[in-house]
Amino acid sequence: MERILNKLVERLRDCYKDRLVSVMLYGSAAVGDHHGRFSDMNVLCVLTEVTPRELGEVSAIFNWWQRMGNPPPLLFGREELRRSTDVFPMEFTDIRERHRILYGEDVVQDLAVDLRYYRAEVEHELRAKLLRLREKAAAAMAARDALVGLMAESLSTFCVLFRHSLRLAGEEAAFEKRVIVEQAAARFGVDAAPFRTLLDLREGKIKGRDIQPVLLFAQYLEAINKVVEAVDRLDTVGV
């Protein structure tokens, strides 16, 4: 992982030179909670500004990075970053709390995150990801491996959203996935069992053949629905 990150920074520095303000790794990989094919390496790249020139120059680098199986880096101008916290409060809260500087300044540590729209964004993301999960499941219900893979790959996203849901509910939410699941079970009354099973699968403790996919998916979906309903009823921000 470090070799690839170093190569990315080297290529970005060669590309942007003094226009490159900062490169940082954020999310699970930044705190050592990275699990192979189930986790991405998320990178934030901050420039003095972002224009068509900057986009054109970085095209080959982003294509190379995506071929490595990673999402394209987030590309922000310095001032744009500062002015975007009100529309991305969830994302910037995550980045501020879990990031590692790969190059340049720490432009997020003292970033003031506007939380006025925090609850709305958390509920929006929960509902959007739930809709997407159901959409993909409709094409995978008869394919055992595809359904198991869908649940395993979506788990990280829902753990992040559960953590933000817990914060909205006034809880001191953890970052470790297993702890988040247990906290969500206690606070929202959801069944933690399907999440424990999927975490065991991701960590190689059980095999896909040990799972009853359709039953597990029903339990997984029910738990996610309960969290969505709980967040819908919240009218205060607990952070």
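Only the coordinates and a few stated rules stand behind these numbers; no lab work does. Note that the structure is predicted; figures quoted are calculated from it, not measured. Every residue, glycine among them, receives a Cβ derived from its backbone with ideal geometry; neighbour counts consider all protein chains shown.
Between Ala174, Ala192, Ala60, the residue with the greatest mean-square fluctuation in the GNM of the chain (Cα pairs under 10 Å linked by springs) is Ala60. Residue order for Leu131, Leu216, Leu47, fewest other beta carbons within 10 angstrom first, comes to Leu131, Leu216, Leu47. Projection of the Cα convex hull of the chain, averaged over all directions and equal to a quarter of that hull's surface, yields 13.3 nm².
A P(r) calculated from all alpha carbon pairs of region 122-239, with 10 Å bins opening at zero, reads 14, 48, 30, 7, 0 percent. Exposure proxy ranking for Lys7, Lys205, based on other Cβ atoms within 10 angstrom of each Cβ and starting from the fewest, stands as Lys205, Lys7. Of the two radii for region 2-104, the radius of gyration is 0.94 times the Kirkwood radius, both from the alpha carbons; that is the Rg over Rh value.
When shorter helices are ignored and each DSSP H run of at least 4 residues is given -39500 (n - 2.57), the per-residue value for the chain at 222 nm works out to -18500 deg cm²/dmol. Shape class of region 192-239 from the Cα gyration tensor (axes a ≥ b ≥ c, square roots of the eigenvalues): oblate, since a/c reaches 1.5 or more and a/b does not exceed b/c.
For the residue pairs Lys129/Lys207; Lys177/Lys226; Lys136/Lys205; Lys136/Lys177, alpha carbon separations beyond 20 Å are given by Lys129/Lys207; Lys136/Lys205; Lys136/Lys177. A protection proxy built from the mean count of other Cβ atoms within 10 Å ranks the segments 154-165, 89-100, most packed first, as 154-165, 89-100. Only the Cβ atoms of Lys and Arg (+1) and of Asp and Glu (-1) were treated as charged; on that basis the dipole of region 1-143 about its Cα centre amounts to roughly 520 debye.
Have a look at Asp40, Asp210, Asp86 and tell me which one the Gaussian network model of the chain (Cα, springs below 10 Å) gives the largest fluctuation. Ranking Asp40, Asp210, Asp86 by mean-square fluctuation puts Asp210 first.
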